[in-house]
Amino acid sequence: MAKHNAVVTGAGAGIGRAIAVRLAAEGAKVVVQDLDQSTAQHTVDMIAEAGGTALVVAGDVSDPGDIDRAFSACEEAWGACTLAVNNAGIVQQVRLADMSVEEFDRMIAVHLRGCFLGCRRAIGPMLQAKNGAIINIASQLGQIGGIELAHYSAAKAGIIGLTKAMAREVSAAGVRVNAVAPGPINTELVMALSDEWRSRKAGELPLGRFGEVEDVAATVAFLASDEAATYVGQTLGPNSGDVML
């Protein structure tokens, strides 16, 4: 992998932590961004213990100022960001008929607005350098929908559409934009869903089990590498067979 200067949002736990740790292990310098500074610091400590380089920036990805601080920290420490991974997310289980406007708006703000803000902040320096990679973390539910997760599914579908549109705009200028759409992964967020939901979903999977955070991190590491040079506007799916394309 190229020695990236990376910003990974939502990297305090779960998939984001695994991505940050994997990228650092492959030589990237990583800004670990998360709403929770203490969990983000734990990720940085893990990276440091393994001999890698990382720093913490706490903030809300739906806030343009907080996003700017994360990328500015990268620029001040190591130079322009060459790899942006827009991963931050939340989950909430509620049927559409019972969903409040505030619940819908917050889901869209964290996932889709946060992804947009990260892409927008990353792209200027990348276009100037004619080099860079952006990887947006979507979900297979953005492709097929999920019961009691309409707002989450809508936000993730938006990320996939945003990724494709952006890839068409900037790929010829040397910036690759792709998405990863994991299936259910054994994370704290997924474990917070009901036992009934998780049991039903596991039964739908051809593989018969949920994935692990390392599966997603490996996919991101591939897309960040020179080996993925012709991957443009793609959505890769470590999803236990829930979506087959």
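The values are calculated or read from the model by the stated rules, or taken from the named source; none is laboratory data. Not measured: the values here are computed from a predicted model. Cβ coordinates were reconstructed from backbone atoms using ideal geometry, including for glycine residues, and neighbour counts include every protein chain displayed.
Quick notes
- Test result for V8, surrounded by 19 or more Cβ atoms within 10 Å (Cβ to Cβ), under 25 Å from N186 (Cβ atoms) and touching a residue at least 60 places away in the same chain (Cβ under 8 Å): yes
- The set of residues in region 218-244 that are among the hydrophobic types (A, V, I, L, M, F, W, C) and either farther than 20 Å from S171 by Cβ or assigned to a helix (DSSP H, G or I) (or both) comprises A218, V220, A221, F222, L223, A224, A228, V243, M244.
- The requirement of being closer than 17 Å to L23 by Cβ, free of Cβ contacts under 8 Å to residues at least 12 places away in the same chain and over 18 Å from the mean Cα position of the chain (by Cα) is not satisfied by A77.
- From the list R209, R198, the one residue that fits, being among the charged types (D, E, K, R) and either in a loop (DSSP other than H, G, I, E, B) or surrounded by 19 or more Cβ atoms within 10 Å (Cβ to Cβ) (or both), is R209.
- The set of residues in region 122-133 that are crowded, with 19+ Cβ neighbours inside 10 Å and touching a helix residue (DSSP H, G or I) at 6+ places or on another chain (Cβ under 6 Å) comprises G132, A133.
- Within region 44-62, the residues that satisfy the criterion of being without any contact (Cβ under 8 Å) to a residue 12 or more places away in the chain and either surrounded by 18 or more Cβ atoms within 10 Å (Cβ to Cβ) or among the charged types (D, E, K, R) (or both) are D45, E49.
- Set side by side, the residues D98, D66 differ, and just one is in contact with a Gly (Cβ under 6 Å, 6 or more places away or on another chain), at pLDDT 95 or above and not small (G, A, S), which is D66.
- Inter-residue pairs, beta-carbon under 7 Å, first without any contact (Cβ under 8 Å) to a residue 40 or more places away in the chain and surrounded by 15 or more Cβ atoms within 10 Å (Cβ to Cβ) and in region 220-235, second among the aliphatic types (A, V, I, L, M) and assigned to a loop (DSSP other than H, G, I, E, B), 6+ apart: none
Conditions tested, residue by residue: (1) under 15 Å from the mean Cα position of the chain (by Cα); (2) assigned to a loop (DSSP other than H, G, I, E, B); (3) farther than 24 Å from V110 by Cβ.
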{"residue": "V7", "(1), (2), (3)": "yes, no, no"}
{"residue": "A11", "(1), (2), (3)": "yes, yes, no"}
{"residue": "G16", "(1), (2), (3)": "yes, no, no"}
{"residue": "L23", "(1), (2), (3)": "yes, no, no"}
{"residue": "V30", "(1), (2), (3)": "yes, no, no"}
{"residue": "V44", "(1), (2), (3)": "no, no, no"}
{"residue": "A54", "(1), (2), (3)": "no, no, no"}
{"residue": "S62", "(1), (2), (3)": "yes, yes, no"}
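- Inspection of region 50-65 finds a residue satisfying the criterion of being within 17 Å of G158 (Cβ to Cβ) and either touching a Lys or Arg at 6+ places or on another chain (Cβ under 7 Å) or among the hydrophobic types (A, V, I, L, M, F, W, C) (or both).
- Among the residues of region 122-146, those identified as farther than 23 Å from V243 by Cβ, touching a strand residue (DSSP E or B) at 6+ places or on another chain (Cβ under 8 Å) and assigned to a helix (DSSP H, G or I) are A122, I123, P125, M126, L127.
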